[in-house]
Amino acid sequence: MARDPDVDVDEFWAGALKTHWGMEAKLSALPGELDQNFLAQKKNGAKYILKIMRKNCPVWLIKAQIEAIEHLHNKDPSLKVPKVLKSSEGTSFITELDCSGNERLIWVQTYISGKCYADIKQKTPDISFDVGVALGKMAKALADYKNDSLVRDFKWNLPGSLWIKKYFSVIKNAARLKIISKIVDDFKEISPKLSSLGKQTIHNDPNDYNILISGKKYHSLNVSGIIDFGDICAAPRVCDLSIAAAYIVLGNSEPEKMLAALVSGYNTVYPLKIEEVDLVWRLLRMRLAVSVVNSTLLATKNPDEAYIIISQAPAWEFLENSNINEGIIKARLRNICGMPVVEGADRIMDWINKESNEFSPLLGNNLADSEIKSLSVENTSVPQNPFELKCDEAKNIGLEFSDRANFWLGYYNEPRLIYTAPAFRMGPWKASNRRTVHIAIDVFADEGTELFAPLEGEVFAAEYRDSPLDYGGVIILKHTTPHEDEFFTLYGHLDPMFLSKLKVGDKIEKGQRFCQLGAPNVNGGWAPHVHFQLALTTDGMEFDWPGVADPDDLDFWNSICPNPASLLNLKEIDCLYEPSNKKEVLNDRLNHFGGNLSVSYDDPILISRAWKHHIFDEWGRPYLDAYNNVPHVGHSHPRINQVALDQLNRVNSNTRY
C-alpha cells in the first residue's frame, strides 16, 4: 500500500486495517517497547487491537504467538486471553509496507475491557489471588503447546538474566549498584536448580500492564484478561509466576501477603513443587534487576520515551526499602501451598507428640492439673485502655482471678489486648491493626521459681532485654531429634542472673535447672511467668522471635511456631484458645431476637471490647465507631463510668418510684 505524503501514520495504518480486514476505525496509539500497538474503535463502539510488529520481526515469532493463543482457546475457552481476528483473505496476519517502505507483519486481536493492574487502586490479596489463578490456568493450558523456536535466548528470558552484568556501569548510584550486585550473586546460586527444572511454553511477561482488571468501584475486582504474548518462550513455569510476582509486590504496603496470595492462586490450579516455590523470591528480584538495568540502559539512548522507565521508580522503591527476609518468605510461600515450612517439620512434630509425657517438667511439677486462665479480649477488661497497658496492670495480670493458684497457665493462640507497645502495631496509627494473638503458652508462678530443661539442648541465645514490657531475661535452646532435625524453644521473662553462668553453645541436659522466673523489675515489667514458645526454624527471626501474631496472618505463624503443649506434657487441645464463633453467635441472635432488631452488615463485627470511640472484635482488631452517639461520649468512658458507679453506690431503684 503506497503512502500519501499528506496522510499521518494513524491514518496510514487505518487504511491498512480497512484494506485487509474491511474495518473502518479510528486508531489511538498504545504504549509498547518494540512493536506499534493501536486501539481501533469503530463508529458503533466496537474495539479491536491492531498490532504492527517491529521491523525485521521473524515470522516464526508472530506465528508462535498466534498458535499459542489459538491453542489456549481450544484447550480452555474460559481463559481470559484475546482472540485473533482473521483478515479478509482468511489469514491470521498479513505483510504490509510501512511509511518508509519497510515490510511489517500486521495482525488484529479482539479487545478485552479492563484497567491495567498498574492503574487500579484496590490492590488486595483477593485480586492478587485471582491473578495467580488466571496465570496458573494459562500456564497449565500452555504446558502441552510445543514449539522448538521458543527455546530462545533474549534479554527477557529470565534464566539468561546474567547479561545485565555487562551493563552495571549504567547504574551510577553506588548503593543501588550494591543491591543489583547482591541480586545477581543470589541468582547465580540458584541457577543450577533453575536449570534442572523442566521447561514449557510460558507467557513470559505477565507484568502489571499486561494484566487487565475489571469490576465496579467499591466492589470485588477480577482479572478480565492477560495480553501481549510478544515475549513468549520456553522456560521453567516458575519464571512466569515470578515475573508476575515482581510487579504484584510493587507499591503495596503488604507485599508478603500479596505475594503469598498470588502463589496460592497459581498453586490451586497448577500445583507447584517445593523446589519451585523456594526459587520465587530470588527470581522476582532478578526480574526487577533486569527491568531497572534495561530501562536505565534504554533511557540513555531514548531519554524522551516515558514507557521505557515507567516501572523504575516503584521497582527501586521496593528493592531499596524492602526488609522482607528470604527465609521467612520461603516458609510463608511453602505454608500457603500446604507444604512443610521447613524440611522435616512434620517429622519434628510427630516426634514431639510421640515423646509427650516423657519430657522433664518445666517447673519441676506436673502441670496437667494446673488451671488455664483466659486473658483474652472477650474474658478480661485488662487493660482498661486497650491502647495503653499501664505498668501496674502488667505486673498484676491475673489478680482479677480471685482463685488464682500458685501455678496457672495462659492459652496458646489467645487474642489479647495487653500488647499495646508501638512494636506490635501493623501500621502507623495508634488504632492500626496490631499483633494480638499469643503464640506460646504462659506458665505463671512466683518470682524465683526454678525452670528445668524439658529435653536436652544447646544454648542458642541468652540475652537480657531491658525495654519495658519486653522479655527481660530470655533464653533460646536448640534441640535435635533422633532424625537430626533441629527445632528451638524460647523461655522469656526470666531473671537475667543466668547470664553469669550460660553462654551460647553451652550444653543443657534434660531436667537440668538452667534459669528462674524474674520479678517484674527484671522480667520486662510483667507478673512473674515464663513465656514458653516452640519454633521449627529461626531463619529470618534469628534471636528476635515474634511472641504475638497478627490475627490475619495466624495460619502462617502457627506453622512456624506450633502449639508447644506436648513439650509441657500437656494436651494441645486443652491449651488452645478458641474464641467465640461469630457464625454461631449470629445464628443465636437470629433465633432469639425479634426481626425488628436486624443486623445491618453482611459480615458484622463480633464486638468484644470497646473504649471511647473504638470497638474491638474477638481477635482484638480495632474499628473506629462513628455510629449514633459514640462520637459524643464514647464506649467505656472513664468519667461516665465513674458517674454511673457513683449513682449505683447511692441508689439503684426502679424508675416508677
Please work out if N563 is in contact (Cβ under 8 Å) with a residue 24 or more places away in the chain and at positive phi.
no
Those residues that are surrounded by fewer than 24 Cβ atoms within 10 Å (Cβ to Cβ) and either outside any loop (DSSP other than H, G, I, E, B) or of a type in the set (K, R) (or both), I need them from segment 224-234; list them, please.
S224, G225, A234
Starting from segment 493-517, take each residue that is closer than 13 Å to A453 by Cα and list its partners that are open to solvent by less than 30 Å² (accessible area, probe 1.4 Å) and among the hydroxyl-bearing types (S, T, Y), counting only C-beta distances under 7 angstrom and pairs at least six apart or across chains.
K510/S360; G511/S360; C515/Y491; Q516/T449
Looking at segment 480-500 only, could you name the residues that are open to solvent by 30 Å² or more (accessible area, probe 1.4 Å), in contact with a strand residue (DSSP E or B) (Cβ under 8 Å, 6 or more places away or on another chain) and in a loop (DSSP other than H, G, I, E, B)?
D495
Could you list all residues from segment 153-170 that are free of Cβ contacts under 8 Å to residues at least 60 places away in the same chain and either surrounded by 15 or more Cβ atoms within 10 Å (Cβ to Cβ) or among the polar types (S, T, N, Q) (or both)?
G160, S169
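Which of the residues that make up segment 538-571 are small (G, A, S) and open to solvent by 20 Å² or more (accessible area, probe 1.4 Å)?
Within segment 538-571, G540, S559 qualify.
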In segment 215-247, how many residues are modelled with pLDDT under 95 and small (G, A, S)?
3
Checked segment 24-53 for anything part of a loop (DSSP other than H, G, I, E, B), surrounded by fewer than 18 Cβ atoms within 10 Å (Cβ to Cβ) and not charged (D, E, K, R); matches are P31, G32, L34, N44, G45, A46
In segment 544-571, which residues are in a loop (DSSP other than H, G, I, E, B) and among the polar types (S, T, N, Q)?
N563, N569
For segment 483-502, which positions are on the phi < 0 side of the Ramachandran plot and within 36 Å of the chain's Cα centre (by Cα)?
H483, D485, E486, F487, F488, T489, L490, Y491, G492, L494
Specify which of the listed residues (I69, I94) is touching a Pro at 6+ places or on another chain (Cβ under 9 Å), touching a residue at least 12 places away in the same chain (Cβ under 8 Å) and open to solvent by less than 60 Å² (accessible area, probe 1.4 Å).
I69
Condition first: among the small types (G, A, S) and either under 26 Å from K373 (Cα atoms) or in contact with a His (Cβ under 9 Å, 6 or more places away or on another chain) (or both). Now tell me which residues in segment 435-466 satisfy that.
A440, A445, G448, A453, G457
Mind checking which residues of segment 338-372 are of a type in the set (A, V, I, L, M, F, W, C), closer than 30 Å to V280 by Cβ and either in contact with a Cys (Cβ under 7 Å, 6 or more places away or on another chain) or open to solvent by less than 20 Å² (accessible area, probe 1.4 Å) (or both)?
V341, A345, I348, I352
Kindly list, by first and then second residue, each pair from a residue in segment 298-314 that is closer than 22 Å to F168 by Cβ and assigned to a loop (DSSP other than H, G, I, E, B) to a residue that is β-branched (V, I, T) and at pLDDT below 65, limited to pairs with Cβ atoms under 9 Å and residues at least 6 apart or on different chains.
N302/I308
Is it the case that segment 200-222 has a residue that's more than 28 Å from W60 (Cβ to Cβ), outside any loop (DSSP other than H, G, I, E, B), touching a Lys or Arg at 6+ places or on another chain (Cβ under 7 Å) and of a type outside the set (D, E, K, R)?
yes
Qualifying residues in segment 112-152 (those that are in a helix (DSSP H, G or I), hydroxyl-bearing (S, T, Y) and within 23 Å of the chain's Cα centre (by Cα)) - the one surrounded by the fewest Cβ atoms within 10 Å (Cβ to Cβ)
Y117
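Please indicate, with yes or no, whether at least one residue in segment 439-462 is under 29 Å from R425 (Cβ atoms), modelled with pLDDT under 95 and open to solvent by 40 Å² or more (accessible area, probe 1.4 Å).
no
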Only residues that are farther than 30 Å from E509 by Cβ and without any contact (Cβ under 8 Å) to a residue 40 or more places away in the chain: list them for segment 339-372, please.
E371
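The values are calculated or read from the model by the stated rules, or taken from the named source; none is laboratory data. Computed from a predicted model, the values in this text were never measured in an experiment. Here Cβ is always computed from backbone atoms with ideal geometry, including for glycine, and neighbour counts include all displayed protein chains. Areas reflect the complete protein model, heavy atoms only, side chains present, ligands, DNA and RNA absent. Shrake-Rupley method; radii C 1.70, N 1.55, O 1.52, S 1.80 Å.
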